[in-house]
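*Asks:* Questions regarding the structure given below will be posed in turn.
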Amino acid sequence: MEKVGFIFDLDGVIVDTAKYHYLAWRKLANELGFEFTKEQNELFKGVSRKKCLEILLDIGNFTATQNQFDKWMVEKNVDYLAYIEKMNSSEILPDVVRVLKYLKNKNIPIALGSASKNARPILEKVDLLLYFDSIVDGNSVTKAKPDPEVFLIAANNLGVAPNSCVVFEDAVAGIQAANKAKMLSIAIGDAEILNEADYNFNDFTEMNDDFLESLINK
């Protein structure tokens, strides 16, 4: 049987840090004198911090010098880090630990593939770092999803062929990246929005062990 590998996005798949990103971006928007809504925050899913700031400034009809742009990037991250500093294992999304334990018990290689530059400290905060054989995050890539770079690096680190990898994602850009990498894509979230995925689930509670076993033996 060909070796398989599992790759997980972080935000919205393992933990819900989107709320902290939103609070930090909203704080910056308010400081610049405009509102930033939860609906507008949907545009930020699976997007790099640089691109998020570009979108935010566009929403506020703001232009920035490079120095201002760099300053606001840092400010947002400082605020975000202050929020996640208080994170703990209670913020892990439902049944994520069960799935990770199941795969670990089967000796399946597991990687994280995330745009977040804070992935490692977050995994440490919620006590999940030990499950991952490779962490590929925003510090490791030059191209943002939907480019498949993050997942291709993860597959290489795991020593698994891309077409033998399974990706769990909650963003359209992430699903598109997995599909471009010829990986099996599993969406966590709204099936209507994430309709390009091979499989759709609202969360991991809908994934039983038989389904996981079918992925391992795909």
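The values are calculated or read from the model by the stated rules, or taken from the named source; none is laboratory data. Just so it is clear, the structure is predicted and the values come from calculations on it, not from any experiment. Counting neighbours? That spans all protein chains shown, and the Cβs are built from the backbone with ideal geometry, glycine included. For accessibility, only protein heavy atoms count, side chains too; no ligands or nucleic acids. Shrake-Rupley method; radii C 1.70, N 1.55, O 1.52, S 1.80 Å.
*Asks:* In terms of the ratio Rg/(2.2 N^0.38 Å) built on C-alpha atoms, what value belongs to segment 1-59?
*Replies:* 1.45
*Asks:* Quick check: the angle from helix 96-105's long axis to the longest principal axis of the chain, C-alpha only, nearest 10 degrees?
*Replies:* Here the helix axis deviates by roughly 40 degrees.
*Asks:* Go through Ile153, Val99, Leu128 and say which Cα lies farthest out towards the positive end of the charge dipole of segment 86-218; charges sit on Cβ, +1 for Lys and Arg, -1 for Asp and Glu.
*Replies:* Among Ile153, Val99, Leu128, the one farthest towards the positive end of the dipole of segment 86-218 is Ile153.
*Asks:* Express the carbon and sulfur contribution to the solvent-accessible surface of the chain as a percent, rounded to the nearest whole number, probe 1.4 angstrom.
*Replies:* Answer for the chain is 49 percent, counting heavy atoms of protein chains only.
*Asks:* Further question: Debye sum, Cα scatterers, the chain, no solvent: what log₁₀ I/I(0) at q = 0.12, 0.15, 0.16 1/Å?
*Replies:* Cα-only, vacuum Debye calculation for the chain: -0.62, -0.95, -1.07.
*Asks:* Which whole-angstrom value gives the distance between the alpha carbon centres of segment 159-208 and segment 98-117?
*Replies:* Cα centroid of segment 159-208 versus Cα centroid of segment 98-117: 14 Å apart.
*Asks:* Right, next: Using Cα atoms only, what is the angle between the long axis of helix 49-59 and the major principal axis of the chain, expressed in degrees (0 to 90) to the nearest 10?
*Replies:* 50
*Asks:* Take the residue pairs Lys106/Lys143; Lys51/Lys125; Lys125/Lys180 and return only those whose Cα atoms are more than 28 Å apart.
*Replies:* Lys106/Lys143; Lys125/Lys180
*Asks:* Still on this model: Report the relative contact order of segment 75-179, percent, no decimals, based on alpha-carbon pairs under 8 angstrom and at least 6 residues apart.
*Replies:* Answer for segment 75-179 is 23 percent.
*Asks:* Sticking with this one: Which order do the peptides 201-209, 137-145 take when ranked by the mean count of other beta-carbon atoms within 10 Å per residue, highest first?
*Replies:* The peptides rank, most packed first, as 137-145, 201-209.
*Asks:* Ignoring everything except DSSP H segments at least 4 long, calculate the 222 nm mean residue ellipticity for the chain; use -39,500 (n - 2.57) per segment, divide by total residues, nearest 500.
*Replies:* -12500 deg cm²/dmol
*Asks:* So what is the relative contact order for segment 72-134, in percent, with contacts set as C-alpha pairs under 8 Å and at least six apart?
*Replies:* 43
*Asks:* If you line up the long axis of helix 66-84 against the longest principal axis of the chain, both from Cα atoms, how many degrees apart are they, to the nearest 10?
*Replies:* 60
*Asks:* Give the residue from Ala191, Asn118, Ile175 lying farthest towards the positive end of the charge dipole for segment 77-218; charges sit on Cβ (+1 for Lys and Arg, -1 for Asp and Glu) and the dipole is referred to the Cα centre.
*Replies:* Of the options given, the answer is Asn118.
*Asks:* Something else: On alpha-carbon atoms, Rg over Rh for segment 92-218 using Kirkwood Rh?
*Replies:* With Rh from the inverse mean 1/r over Cα pairs, Rg/Rh is 0.92.
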